[in-house]
Amino acid sequence: MAEETVDVLIIGSGHSGGMAAKILTEKGISCLMLNAGPVADAHKDTEPKPAYALPFRGFSQPGRLPHVFQSNEFNANTWVDEREVPYTYDPQHPYNWVRVRLFGGRSLFWSRQSFRLSDYEFKGKSHDGYGDDWPIALADVAPYYSRVEAIFRVQGRADGLPQYPDGNFVPDDSPWTGCMQRFIAAGKQMGVPVCKPRSSLGVDGLASSVNLLLPDAFATGRLKAIPNVVVRELSVDKNTGRVNEAHFVDRLSRREMSVKARVVVLAAGTLESTRLLLNSKLANSSGVMGHYLVDQVYGPGIVCSVPEARDGKATPELIGGGALVPRFRNINSKAKNFIRGYALNVHSSTRPMDPRNFAEYGEALQKKLDSYNGSGFSTSIMGEVLSRYENHVSIDPKVVDAWDIPALRIETKYTDNEINMARDAVDTSIALAEAAGFEVLSKNYDPNPPGYSIHELGTCRMGNDPKTSVLNKWSQSHDIKNLFVVDGASFVSAGWQNPTMTIVALAMRASEYLADQMRQGNV
Ligand SMILES: Cc1cc2nc3c(=O)[nH]c(=O)nc-3n(C[C@H](O)[C@H](O)[C@H](O)COP(=O)(O)OP(=O)(O)OC[C@H]3O[C@@H](n4cnc5c(N)ncnc54)[C@H](O)[C@@H]3O)c2cc1C
């Protein structure tokens with residue numbers, strides 16, 4: 001392998017790597033993709049097993065996935081085993097890092113909420129003075145969002161709100177259920193917008209890199225991909241300062257290999273891309289690599305019951321469906337104890353209620369559950385976490401993974417801004433629910449640990465100034481012109497929005513720029 005020099009080496013096969021491969025190969029460029037995990041076998045790997053056939057009867061194996069709240073013994077092979085690829089943190093400030101190394105990465109499992117950032121995020125500092133503006137605006141990314149939305153078949157409704165930019169949607173003509181209409185009316189009274197959610201329909205129930213992006217790349221005949229290889233380090237040509245080689249290990253045989261490349265595109269997922277660069281000691285003349293780690297606050301919210309739906313009276317006209325309350329704080333007015341804002345995910349469901357929402361025990365509890373069955377309504381926050389230098393990752397000097405690659409140490413915590421924002425989200429939810437005539441059964445003010453949203457972003461942020469940013473506005477390293485980072489590491493701020501549409505749009509934009517620069521002989 002060391003004899004061959006590939007044109008572009010792409011590390012990672014998820015949303016971001018898939019988009020890079022599609023664009024570059026369609027522009028006539030040959031690519032090699034390396035991916036740390038195996039190709040999933042959709043038949044074998046999804047074969048249902050009864051709980052009694054599993055050593056832990058369906059529960060998680062202790063120590064294997066302590067931070068992956070979605071995991072159980074049935075789906076354990078989906079996630080990165082934390083004993084194999086550990087990370088460290090101060091036990092007072094835990095971090096939930098949820099990773100997938102299968103070919104296709106997290107695109108195989110995401111929930112598909114699909115939003116654009118607005119200029120309240122891209123130009124956040126201009127709006128409220130905090131942090132830094134991105135070096136790009138919505139107008140720069142909008143054409144790419146439109147193309148990405150077409151590929152992912154994002155369903156939505158145009159709302160005409162600047163903080164919830166409209167896009168190129170498959171129209172959502174679904175009617176509102178009765179409980180949602182009441183919530184909308186309550187929102188109108190209180191100046192809180194309630195909109196249809198937006199999400200990727202994909203194709204055949206999948207909106208992943210492996211079915212929407214990589215087939216186009218393979219069809220060009222210009223993409224080769226190697227699964228089950230873990231990249232440990234990149235090296236540079238001492239004469240030119242350019243990155244020229246990747247060193248990797250076969251996950252199973254542990255054989256060490258390397259490949260030479262003209263250009264390297266990192267798409268290993270925010271924190272793995274940053275870990276690889278930190279381990280390679282590259283592209284960090286600014287000193288900000290690893291810093292400004294952000295995500296979104298998740299957890300706080302309320303659970304309610306719609307009284308008219310109790311005792312078997314729930315109908316599909318009354319109960320069901322979802323809504324999204326886009327950010328409404330700190331747009332035209334100022335909240336008293338936090339900046340930026342949050343969105344609310346709103347759901348109503350005919351499913352049985354969770355017993356934890358009731359104070360009763362035994363027979364009394366069963367009576368309540370029977371009566372309230374099918375009357376559920378809930379809200380939950382998606383709140384912007386402020387971008388702060390102190391929230392950062394570094395290489396742990398003592399811990400390595402199964403292939404002796406130094407592990408990441410994650411040091412991040414939420415502060416009063418996130419806590420106050422979460423409190424406002426819950427109090428506002430209660431006020432809206434009560435105005436709509438619902439009974440509030442439970443409320444939770446406590447944020448889950450950072451990382452829980454599975455939207456880790458930043459750590460190689462983009463900017464115009466090489467002294468304060470790692471990448472330029474094209475996701476290209478300021479220091480090393482033939483190095484690009486196309487996953488969420490480039491984010492300057494998190495926003496409240498689920499990030500994947502932005503990640504994929506920026507990967508598309510960066511890849512087109514890279515193809516152009518290669519054509520002109522600049523890279
Ligand atoms: C359950 C769940 C629900 C989610 N819901 C939403 C949602 O509703 N909306 C939304 O916007 N986002 C959502 N997300 C987040 C979304 O999935 C991610 O933002 C997105 O998929 C990230 O894509 P990526 O390509 O940057 O990284 P990843 O998908 O993490 O892909 C990275 C790839 O790089 C490979 N890799 C890592 N390290 C190495 C290495 N050293 N060498 C070689 N290969 C390496 C891995 O094998 C992996 O395949 C969700 C995620 C999960 C898990």
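The values are calculated or read from the model by the stated rules, or taken from the named source; none is laboratory data. In this text the structure is predicted, and so the values were computed from the model without any measurement. Cβ sites come from the backbone with ideal geometry, for glycine too, and all protein chains shown count toward neighbours. Ligands, DNA and RNA are excluded from the accessible area calculation, which covers all protein heavy atoms including side chains. Shrake-Rupley method; radii C 1.70, N 1.55, O 1.52, S 1.80 Å.
Among the residues of region 464-514, those identified as part of a helix (DSSP H, G or I) and open to solvent by 10 Å² or more (accessible area, probe 1.4 Å) are 500, 503, 509, 512, 513.
Taken over region 177-187, the residue count meeting the criterion of being within 22 Å of residue 112 (Cα to Cα) and either free of Cβ contacts under 8 Å to residues at least 40 places away in the same chain or in contact with a helix residue (DSSP H, G or I) (Cβ under 7 Å, 6 or more places away or on another chain) (or both) is 0. Number of residues in region 357-415 that are touching a residue at least 60 places away in the same chain (Cβ under 8 Å), within 16 Å of the ligand (Cβ to nearest atom) and β-branched (Val, Ile, Thr): the value is 7.
Residue 161 falls short on exactly one of the conditions (1) within 16 Å of the ligand (Cβ to nearest atom); (2) open to solvent by 20 Å² or more (accessible area, probe 1.4 Å), and that condition is (1). Screening region 82-123 for residues that are of a type in the set (Phe, Trp, Tyr) and either without any contact (Cβ under 8 Å) to a residue 24 or more places away in the chain or outside any loop (DSSP other than H, G, I, E, B) (or both) and picking the one that is nearest to the ligand (Cβ to nearest atom) gives 87. None of 471, 457, 483 is free of Cβ contacts under 8 Å to residues at least 60 places away in the same chain and within 16 Å of the ligand (Cβ to nearest atom) except 471.
Could you tell me which of the residues 12, 18 is open to solvent by less than 20 Å² (accessible area, probe 1.4 Å), on the phi > 0 side of the Ramachandran plot and at pLDDT 95 or above? Reasoning before the result, please.
Values: 18 fails: on the phi > 0 side of the Ramachandran plot.
Within the list 12, 18, the selection yields 12.
When the helices (runs of 4 or more DSSP H) confined to region 191-309 are screened for residues that are more than 16 Å from the ligand (Cβ to nearest atom) and open to solvent by 50 Å² or more (accessible area, probe 1.4 Å), those reaching at least 2 such residues are found at 214-219.
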